[in-house]
Amino acid sequence: MNRMSSNSINTEKLIFGCARLGNLNRKDVFDLIEECIRNKILHFDTAPSYGSEKLIGEVLRGVDNIIITSKVGLPRIESNNKLIKRIYKKSIKSLGKMSPFIKNRIYSSINKKQASEVTKRILSMDEIMFDLEKTLTNINKSMLDILLIHEPDQFIIDDALNEIFENLKKEGLIARYGL
């Protein structure tokens, strides 16, 4: 599935992971990202489930020569309800850190799937486009440098999925993709 060997992007040796940025105050996030840029760390890894895409988009607006990686496959955490966010961060997210299996079961039950079923699911074009469009809006870009499938073990990875990603490349929405 990974087509990372093709042309235009030279990924950096150091990539800044943005999973915990949502836990910091806005000024600290700006200071941290600016420090990365000063130290030539120009590749930023985010995901909808991290809740950091908008912050990354704000801080990096107008900055050239950066690479942004984001992901599809896990539910977005975009509630305006602070109590729900707090519950998520304190319980479900903590459980997920301990065990991806537990997290996947929780997501399955949230998605009204039977939690006892541990079957792989199809990552649909609609789901990918929904996440990709929101990501592009959040990061203030018309093309995402790298799109990865988040926790790919829960999905069917086949030629049909590969074709979806190849079409996104041809349309200029992503430069690269992988798992």
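Derivation of every value follows stated rules applied to the coordinates shown; laboratory data play no part. The structure presented is a predicted model; accordingly, all values stated were derived computationally and were not measured. Positions of Cβ are backbone-derived with ideal geometry, glycine not excepted, and every protein chain shown enters the neighbour counts.
Ranking 178, 152, 137 by Cα position along the charge dipole of region 135-179, where only Lys, Arg, Asp and Glu carry charges on their C-beta atoms, puts 137 farthest toward the positive end. Take the Cα of residue 20, step 7 Å toward its Cβ, do the same at residue 35, and the gap between the two points is 1.2 nm. Applying 1/(1 + (r/R0)^6) with r as the Cβ-Cβ distance of residue 122 and residue 167 and R0 = 22 angstrom yields a FRET efficiency of 0.90.
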